[in-house]
1. Calculate the dipole size of region A:52-144 relative to its Cα centre from +1 charges on Lys and Arg beta carbons and -1 charges on Asp and Glu beta carbons; express the result in debye to the nearest 20.
2. To the nearest whole percent, what portion of all C-alpha pairs in chain B is separated by more than 39 angstrom?
3. Taking each residue in B:795-804, count the Cβ atoms of any other chain within 10 Å of its Cβ, then average. What number comes out?
4. Over the residues of region B:209-264, compute the C-alpha Rg and express it relative to 2.2 N^0.38 Å.
5. Report relative contact order for chain B in percent, whole number only (criteria: Cα-Cα under 8 Å, sequence separation at least 6).
6. Place the peptides B:208-217, B:641-650 in order of packing, highest mean first, counting for every residue the other Cβ atoms within 10 Å and averaging per peptide.
7. With every atom except the alpha carbons ignored, what do you get for Rg and Dmax of region B:279-353, in angstroms?
8. Compute the orientation-averaged projected area for region B:63-102 from the convex hull of its Cα atoms and round it to one decimal in nm².
Amino acid sequence: MKPFSFHSPRGLGEAVDLLERHGPGAQVIAGGQTLLLAMKERLARPSALVSLAEVADLRGWRYTDSGALEIGAATTYAALAEAELTGVPLRGWHTEIAAVAGDLADRPVRTMGTIGGALCAADPRFDMVTLVVALDAELDTVGAGGGRTIRAAEFFDPVGGTVLRPGEILTTVRFRPQDGFSGVAFEKFRYRVFDAALVSAVCALRLGADGAVADARVTVGAVHPAPVLATTAADRLVGGTPTAVDTVEIGLVAADEVLPAEQATTSVRRYQRELIGVLVGRAIARSHERAHTTTAGS
Amino acid sequence: MTETLPTAPPTRPRAERHAPERRETGSGNKLVGRSVPRTEDLALLTGTARFIDDIRLPGMLYAKILRSTTAHARLNGVDLSKALQQPGVRGAICGQDLLGKVKPWGDMMQDLLVGDHFPFATDKILYEGQEIAAVVADSKYAALDALEVIEVDYDELPVLVDPEGALDPESPLIQEGINYEFGEGNIFDRYRVRVGDAAAAAADADVVVRQRFVSNRQAGAALDPHGCVASYDSFTGVLTIYSSTQSIFMVRDVLADTLQIPRNRVRVVIPEVGAGFGSKAQMFAHEVIASVLSMQLGRPVHLVLGRGEIFRAGTARTGQVRYAEMYLKRDGEITGYRDYIVHDCGAQSLWGNQVVHIGTNVGMLPYPIPNIHIDADVVHTNTAPAGPLRGFGIPETIWAKEQLVDMAAERLGMDPLDLRARNVVQPESFPYRTPMGQVIDSTSIDRCLQTCAEAIGWREKKARPEPNEGVGLAVSMKYTSCRHPSLDTDLSAVRVRLETDGTVTIFSSDVSHGQGHATFLAQIVSDVLGVGFEKVALAPPDSATAPFGLGTYASRAAAVLGTACRQAAERLREKVVAIAAHVLEANPEDLDTGNDRVHVRGLPDTGLYLENLAGYAAYRTHQLPPGFEPTLEAVATYDTPTEREAPDGSGNFSVTYSGAAHAAHVRVDPDTGRITVIDYAMAHDTGTVINPLIVEGQHQGGFLMGIGMALGEDYVYDDQGRLLNASFKDYQAPYATELPELTKMFEIPAPSVNIPGGQKGAGESGTGPVPAAIGNAVYDATGVRFTALPITPDRMLLALREKERRGLDSFRYPDDMPDFTSPRTPDEWPTPTGSDEGDLLL
């Protein structure tokens, strides 16, 4: 670790000012579960850290009037994982977000780590990175030049990292209202329970009035520097009702799309390719089952 | 050969005969045999135990080591000038500074004329992570800053990672200028066994099974890092070194020799050691570096390694490639074993060549195989130094041999349980000497085998297999203590002192790093001397006060140290009884000890308190018997009645042997390849158990290291010798959540006859059979025979897919994979580089 100054602003404006004042050496810390490890190994050497821990506006979540779910970027995984115990329980497929938050890394990381911190660290093996793209979330930021809203798929640079500008702070992650999807399922494979994913896959479905799939998003994470939308696989789902055979086949379509055989030259890549098929298939089956349960129950 | 032989006739019934009569271990109020809670645990659990990194001495400086980032290079120069100008820096050194001033080490263990270890690389870099230079500064941060401005000039050399590549005389030469027994080269030692006539056994065999096996490099992964604090007193000339090590006298003697100072001017003191597993059983470069810096500056120097440094430059398990064969008769009798081993010791290794000797010799157990023919080429590669690690080569041998047993059972149409039962050592009488030379003084291995099989539900599961599930067995016998071929000694010592208030202090140089010495030694002393358990304390290991002993490794503490302790306590008991007899005017034979006193036999509430007797010896010496030397100390050194290795590789290296029989029940997910050990049964023979709580903990920990070796752990190198997983984040050591509940643990004691208390070693029994038991269970579940470790989900799934694609019932991973480039069939196997021709020792 190298010397640095530590700042703990109470408000967003102050945080933006601090980042601007301390220039390119300044970095936001929001949980620090990636940054501190890098600093310990001297791989990251910020001259100033601006902590978001005391910025109250960035913690917690709420439902907007339109039914969208807004989660503050400095909300910890642990808080989100226990959402059902709070005053603002999550509804319907939004509970999958809490389930993902409660089943990643280990307890100390979930206690300290935040959603926004993970998204800005942009490690493709992080579950939240895959999930926000899969669910087509919107990300709000503020910076010295004002604020903007970025769609999750555009937030991550395909070659790695994010499109955040220097001094820009991620503030809010906004998920669609309930009617955005009928069923969502996240699947991943990790070697050990506390490891990051080797492959993650999400299927988000919306059923039409006839019960057939009206809209589908299939997303694969941890394989490339940013999550990849498997659009061919998703298109295959639209208009039908996936059977057990279909889920397996569409899983293989996704594998071909995301990691074609000719690119899977190492054993790890070949294994990831196999897992994409399996996990996409599982995600489709589970999301579809949920969609039907939800639709039948509503 | 694919013929299926008829099922072997049932094995002849055998009488229950496991060991001589179990000896009396004491009356009901004795502590030996009881789960006394560990004295050590309060400090450990409350965070008050003091480890190496907790030591703070007045005026202490901090040192850090610059390590090579390349695996093989010509080192042209190291420029420390900028580092020395950094703020807070007090000194900096590199290899050239020490040439001719400190002596290389490693000669004794390896039987070399000159040692091959030096504190820093001097003209050549041999592996990634090797020491290049060191800086000492006011803070560790200042030291790290200074490391960044050291300039290293080097030219890269071709890198050798594959141990079999080392057999090629054209391979890049790693250790230059060392004349080994067989000349210069990457093959730095050879090993062989010639017992019976293996060629004749092969010719007479009804079944021969052959397979190439590979075993992995595994980290010690002790949570407490390697490190030391060296403190040189320039007035007395005494160098005190606090170190996280398993052996204080190995550190003291080798360090004094390296520094060329008298051994009574080096004092080694040990704080709490958070485990070693074999990875701290030698002196390391950092101990020399801290000592030299402290001697230069006259100030204490703290030097504790980071995890990446420990992965790269601590010692890891030796890697092996084995070309193994087993010969059997139609009735299942194992008549022969042949093996050619390429044994990878990394770039340099103090203990590595010993691992193949002992691991192979003892690894033949529990089968008394009459004909054994083994060769090993012991090689260097540009990888991390190898050394001892829990099991000392036995898990590697068992991994190959116990899978051959299952392969043979399949060919014979026998149940693997019956085949093992047919062969495990069950002599007519004890002691029994196996053809390999081991003297078995007692064993219950046959009952261990049946017990673990029954606990896992072996017969039912074999009769009604579930899809994707399987069961597997493996058995081993682990040495308790060891007379190493290069180290002709196997001793430990204890001094006990009755203090003047009736308490007892135990002095021992054998470091407790998880074995619970303070607890189990106190149990022994308490029983022998009749002193209360709570009145017995173990002094911290300190070479200035402790008697000479070898240290804590090789599962030797309970048996060897425990015996020394028992003997010292008995000698002390004789003294106090003699004083009491004189004072009471009684016959010593009529006296007994107990309740903190010496009393008349049968009258435990009478007599004299130990406190009074100690007072006579210290302060009222006229009370002593005439001519009685007024001391209440007793010392005992116990050296085991073991043998050196014979030229044919045979010999009895261990004072007694602990049995282990394991049964695994696994499930494999055919979609992801995930292997889950859903149930596991272990039956052990640890002889007379001194403390069941400690022994169970040892077995659980041993299993943990075994399952890590089986399912995840390995040093992953790229082709340039860079270690890709040198952190706990990437290194696949198992988490608690990955482990099965270990509820099926059985202890079936066959008390040792050689050891006066009957105890056997516990520390490594739990590791040896695990990879093979899981490997056999995986084959049972999937038809995939893993011949290389670890068995990971990715390998499993790719093997399943390839097996399915080719429509095969059974499949070997990696041998049957399309991209496998090593020999697939025995006709392609390499031959050992050595030859018996003209060998006078045979």
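What follows draws every value from the coordinates through simple rules; no lab data is involved. This structure is a prediction, so every number in the text was calculated from the model and none was measured. As a convention, Cβ positions derive from the backbone with ideal geometry for all residues, glycine included, and neighbour counts pool all protein chains shown.
1. The dipole of region A:52-144 has a size of about 180 debye.
2. 41
3. Working: counts 2, 1, 6, 5, 0, 1, 3, 0, 0, 0.
Average per residue, whole number: 2.
4. 1.81
5. RCO, chain B: 16 percent.
6. B:208-217, B:641-650
7. Cα-based Rg and Dmax for region B:279-353 come out at 21.3, 72 Å.
8. Dividing the Cα hull surface by four gives the mean projection, 3.9 nm².
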